[in-house]
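Shown next, in C-alpha cells, is the structure this report addresses.
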Ligand SMILES: CC(C)(COP(=O)(O)OP(=O)(O)OC[C@H]1O[C@@H](n2cnc3c(N)ncnc32)[C@H](O)[C@@H]1OP(=O)(O)O)[C@@H](O)C(=O)NCCC(=O)NCCS
C-alpha cells in the first residue's frame with residue numbers, strides 16, 4: 001500500500017522550520033554520500049535562490065516536528081531542470097517513497113512549463129538508475145572518471161513535452 005506522504009518546498013516554510021528541515025537534510029546527506037559528493041544544505045538555500053528548489057518529504061499529519069523521509073534538490077534554467085539530488089533516508093527505502101517523490105517532481109515541473117529534466121548519476125548506483133528508468137528517463141551519455149577516477153557518470157534525460 002502507498003504511504004501517505006506530504007511533499008513540500010522549504011520556501012513554503014517559516015525561517016525556523018526551514019532551518020530545522022535543512023539541518024535534518026544535511027544529516028541524511030552526510031550519512032548517504034561520500035564527503036566530496038555531499039551537498040552543503042546550508043541555511044542560505046532558504047533565502048533568495050529563486051531557481052533552486054529544495055523539496056522535502058514527511059509523513060502526512062506528522063505533527064509539529066515532522067520527521068524527514070526524503071528530499072530532492074533541482075535547479076531550473078529556463079526549460080530545463082537539473083535534478084541534483086534525490087535521496088530517501090535509509091530506513092524508509094524500498095517502500096515507494098522515491099517513486100512518489102519522482103512523480104511529484106515530474107508533475108510539478110511539467111505543470112510549470114519545464115520541457116526536460118536532466119541529471120547525472122553514478123553508474124554504480126543501481127537503485128537510483130532503476131528508479132530513473134522507471135520514471136521514463138533515458139541514458140544519453142557516459143563519462144568515465146566523472147566523479148573520481150574509476151567512477152563513471154551517466155547523463156539521463158526525461159523529455160516532459162512528450163508526456164503531455
Ligand atoms: C534511489 C533511491 C532514491 C530510491 O528510493 P526508494 O524510496 O527506495 O525507491 P522506491 O521504493 O520508490 O522504488 C522505486 C523503484 O526504484 C528502483 N529501486 C529502488 N531501490 C532499489 C534497489 N535497492 N535495487 C534495485 N532497484 C531499486 C526500482 O525500480 C523500484 O521499483 P520496484 O519497487 O517496482 O522495483 C534510494 O535508494 C536512495 O535514496 N539511495 C541513496 C541516494 C541516491 O543514490 N540518490 C540518487 C543519486 S543523487
Inset, instruction - Select, from 113, 150, 136, the only residue that is at pLDDT 95 or above and in a loop (DSSP other than H, G, I, E, B). - result: 136
Inset, instruction - Examine the range 20-43 for a residue that is modelled with pLDDT under 90, out of contact with any helix residue (DSSP H, G or I) (no Cβ under 8 Å at 6 or more places or on another chain) and on the phi > 0 side of the Ramachandran plot, and state whether such a residue exists. - result: no
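Somewhere in the range 122-135, is a residue more than 9 Å from the ligand (Cβ to nearest atom), touching a strand residue (DSSP E or B) at 6+ places or on another chain (Cβ under 7 Å) and farther than 26 Å from residue 27 by Cβ?
We begin by selecting, within the range 122-135, every residue more than 9 Å from the ligand (Cβ to nearest atom); these are 123-124.
With touching a strand residue (DSSP E or B) at 6+ places or on another chain (Cβ under 7 Å) added as a condition, the list becomes 123.
Keeping just the survivors that are farther than 26 Å from residue 27 by Cβ gives 123.
Scanning the range 122-135, I find at least one residue that is more than 9 Å from the ligand (Cβ to nearest atom), touching a strand residue (DSSP E or B) at 6+ places or on another chain (Cβ under 7 Å) and farther than 26 Å from residue 27 by Cβ, so the answer is yes.
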Inset, instruction - Return the total of residues in the range 145-162 being exposed (fewer than 12 other Cβ atoms within 10 Å of the Cβ) and within 20 Å of residue 133 (Cα to Cα). - result: 2
Inset, instruction - Note down all Cβ pairs under 9 Å where the first residue falls in the range 81-97 and is at positive phi, the second is within 6 Å of the ligand (Cβ to nearest atom), and they're at least six residues apart or on different chains. - result: 94/88; 94/127
Legend entry - Single residue of the range 111-121 satisfying the filter (more than 8 Å from the ligand (Cβ to nearest atom) and surrounded by 14 or more Cβ atoms within 10 Å (Cβ to Cβ)) that is nearest to residue 24 (Cα to Cα): 120
Inset, instruction - Answer with yes or no whether residue 60 is out of contact with any helix residue (DSSP H, G or I) (no Cβ under 6 Å at 6 or more places or on another chain) and either within 30 Å of residue 15 (Cβ to Cβ) or surrounded by 15 or more Cβ atoms within 10 Å (Cβ to Cβ) (or both). - result: yes
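The values are calculated or read from the model by the stated rules, or taken from the named source; none is laboratory data. Just so it is clear, the model here is predicted, and its values are computed rather than measured. Note that each Cβ is placed from the backbone with ideal geometry, even for glycine, and that neighbours are counted across all protein chains shown.
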